[in-house]
Amino acid sequence: MTLRLIGSPPKESPRTRDPLGSARPYDPLAALVASAIQRNQAAERTLLLAVGPAVLSVVRKALGVHHPEVDDLCQEACVGFLAALPSFRAECTVVHFACRVALLTALAARRRTDRQIRCAIDVDEEPLANDADALSPARSLESARRRHALRELVNELPLAQAEVLSLHIMLGHTIEETSVIIAAPMNTVRSRLRRALSALRDRLGTSAQLKDLLGGRHDPVG
């Protein structure tokens with residue numbers, strides 16, 4: 001299951017327009033937000049069931065499938081998602097909003113514990129977004145090592161840069177999609193991503209091994 005498609009409506013779904021005139025996909029879950037904010041248990045349960053698979057996928061991609069705290073952090077992310085609903089402005093889908101909460105929860109957990117994932121040879125994980133080499137065992141191993149190295153590097157970045165880099169590289173969102181998810185101008189996203197990539201280049205320049213592990217990733221901001 002590809003995260004970019006989670007929560008995306010079918011092409012024939014109706015679209016609404018925001019005050020600026022840009023088309024936005026219709027999101028049936030948005031109608032439940034007001035009730036969930038009022039602690040309506042049925043609405044909360046429906047939302048959690050809908051966003052649960054996406055939350056799990058994000059936490060796994062950020063921390064690794066076999067990280068010992070995946071389940072606990074998914075629960076923490078779901079609690080955080082419900083708590084954050086009053087700040088939801090329907091600028092993205094409810095699922096994408098939950099994904100952002102899950103990503104921030106996972107990144108915060110890494111910083112809080114200051115642990116590194118030891119599963120460098122973990123070929124059972126989901127591939128990075130758009131990783132076309134995952135079918136070959138050798139390529140799968142290489143992909144797993146890239147994920148491990150990328151997570152270590154992301155853990156050292158400022159949180160705002162780590163979030164943008166994770167959304168773009170780990171989860172496969174475009175610059176425009178990332179802008180919508182974090183409710184920031186595209187120029188801000190590009191700037192954060194550029195700084196993050198610059199920091200990664202500095203790190204990779206001193207480590208040929210890491211450069212090989214993260215090989216094939218192009219600079220999406222020029």
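Of everything in the stretch 86-96 that is out of contact with any Leu (no Cβ under 8 Å at 6 or more places or on another chain) and crowded, with 16+ Cβ neighbours inside 10 Å, the residue that is nearest to Q161 (Cα to Cα) is H96. Looking at the stretch 86-116, which of its residues are assigned to a loop (DSSP other than H, G, I, E, B), modelled with pLDDT of 85 or more, farther than 16 Å from H173 by Cα and in contact with a helix residue (DSSP H, G or I) (Cβ under 8 Å, 6 or more places away or on another chain)? Within the stretch 86-116, F88, A90 meet the criteria.
The values are calculated or read from the model by the stated rules, or taken from the named source; none is laboratory data. Because the structure is predicted, anything quoted here is derived from the model rather than measured. A quick note on method: Cβ atoms are made from the backbone with ideal geometry, for glycine too, and the neighbour counts reach across all protein chains shown.
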